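Peer 1: The structure that follows is given in the form of C-alpha cells.
The values are calculated or read from the model by the stated rules, or taken from the named source; none is laboratory data. Everything numeric here is computed off the predicted structure, so don't read it as measured data. Cβ atoms come from the backbone with ideal geometry, glycine included; neighbour counts cover every protein chain shown. Note: areas computed on protein heavy atoms with side chains; ligands, DNA, RNA excluded. Shrake-Rupley method; radii C 1.70, N 1.55, O 1.52, S 1.80 Å.
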Amino acid sequence: MRIDVITLFPDFIESCARIGVVGRARERGLLEIATWNPRDFASDNYRSADDRCYGGGPGMVMMIDPLRKALDDVRAAAGSTKAKVIYLSPQGTRLDQAKVAELARQEHLVLLSGRYEGVDERFLERAVDEEISVGDYVLSGGELAAAIVIDAVGRLQQGVLNDAMSAEQDSFSNGLLDCPHYTRPEHHDWGDVPAVLTSGDHAAIARWRRRASLRLTQALRPDLLASVPLTPEEQELLDSGDDPEPK
Ligand code: 4HQ
C-alpha cells in the first residue's frame, strides 16, 4: 500500500513513520509513505500556501492551487493507482476499527492535513473523496490525525504483524476490549498474577482471557457489545466464574 500525506509539517509525519511497526513495514517495503509540502508548490516568493478568509475575521485558509499542484505531483509519482483522497477533519466520519479495515484494503491513500481554519471549500468539493475525524475534539492541525490513520492502517497490511501480534489483533477485531496482561514478578507487594495464567492449562487460560475480555467490555464499553450480540457460549462464559468485577 502507498500513503501520501500533504502537509505543512512533513517532518512530523516522517518522524512518526520512521518508528515502530510502521517504520519496520516501510523498511521491508510493505508500506510506502511519502510527504508533500504545499509550500513547495506555491507561486510567490514567500512560498505562501494560505491566505486570509473571505468574509473577514481572524485566521487563514489553505489555498486551492498549492494543494492542487501537490496532488497532481502525488498522482504522477504514484503512477496509475486509484487514489482515495481523505481530508482529516472534525466534520468527517468517526474513525473506528471497521473504517480502518476498509481503508487498509485500498492500494493508495492520500491524506490531507489542514492547518489554521482549514482548506478552501472548493478544493474539498472537487478533490477530496472522503472526510475522516479521529474524534470529537479540536486539534491544531490534521497531522496527528493523519499519523493515527497511518499507524492503524499500516499495521493491518499483509505481513506487517508477526504471528503473536496478529493473534492480538484478532482479539480487537472481534469487537471486544483486550484482557489484562501480566509479566514477572509473579508475586509482588502490589498483587499476585492470577493463578490460572501460571497453571500451564492452555484451555483454562484461553477461557479466562476470553471471559476477562467479555466482562471488561460489558462493564466499560457496553456500546461495543450492542452492535454484535453475544453467542450463547459467550453469554455462558460471561455468567460463569466468580472473579470480582473489573475496575
Ligand atoms: N482538525 N479529526 C482543524 C481536527 C481533526 C479531528 C484537523 C482541526 C483539521 C483544520 N482532524 N484542522 N478531530 O480537529 O481529524
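Peer 1: Out of Gly159, Gly135, Gly154, report the one residue that is within 16 Å of the ligand (Cβ to nearest atom), open to solvent by less than 70 Å² (accessible area, probe 1.4 Å) and not polar (S, T, N, Q).
Peer 2: So the residue among Gly159, Gly135, Gly154 that is within 16 Å of the ligand (Cβ to nearest atom), open to solvent by less than 70 Å² (accessible area, probe 1.4 Å) and not polar (S, T, N, Q) is Gly135.
Peer 1: I would also like to ask the following. Across the range 94-123, which residue is nearest to the chain's Cα centre (by Cα) among those that are more than 17 Å from Ile150 (Cβ to Cβ) and not in a strand (DSSP E or B)?
Peer 2: Ala98
Peer 1: For the range 181-201, which residues satisfy the criterion of being surrounded by 11 or more Cβ atoms within 10 Å (Cβ to Cβ), under 35 Å from the mean Cα position of the chain (by Cα) and part of a loop (DSSP other than H, G, I, E, B)?
Peer 2: Within the range 181-201, Tyr182, Glu186, Val193, Pro194 qualify.
Peer 1: What are the residues in the range 74-93 that are away from the ligand (no atom under 15 Å from the Cβ) and open to solvent by less than 70 Å² (accessible area, probe 1.4 Å), if any?
Peer 2: Across the range 74-93, the qualifying residues are Val74, Ala77, Ala78, Gly79, Thr81, Ala83, Lys84.
Peer 1: Take the range 144-185 and flag every residue that is in contact with a strand residue (DSSP E or B) (Cβ under 8 Å, 6 or more places away or on another chain) and not aliphatic (A, V, I, L, M).
Peer 2: Listed by number, the list holds a single entry, Gly154.
Peer 1: Could you say which residue among Arg2, Arg52 is among the charged types (D, E, K, R) and within 23 Å of the chain's Cα centre (by Cα)?
Peer 2: Arg2
Peer 1: Give the residues of the range 98-121 that are away from the ligand (no atom under 16 Å from the Cβ) and in contact (Cβ under 8 Å) with a residue 40 or more places away in the chain, sorted by residue number.
Peer 2: Ala101, Ala104, Gln106, Glu107, His108
Peer 1: Tell me yes or no: at least one residue of the range 92-99 is of a type in the set (S, T, N, Q), within 30 Å of Leu224 (Cα to Cα) and in contact with a strand residue (DSSP E or B) (Cβ under 9 Å, 6 or more places away or on another chain).
Peer 2: Checked the range 92-99: at least one residue is of a type in the set (S, T, N, Q), within 30 Å of Leu224 (Cα to Cα) and in contact with a strand residue (DSSP E or B) (Cβ under 9 Å, 6 or more places away or on another chain).
Peer 1: Looking only at the range 25-49, count how many residues are over 17 Å from the mean Cα position of the chain (by Cα), open to solvent by 40 Å² or more (accessible area, probe 1.4 Å) and not hydrophobic (A, V, I, L, M, F, W, C).
Peer 2: 10
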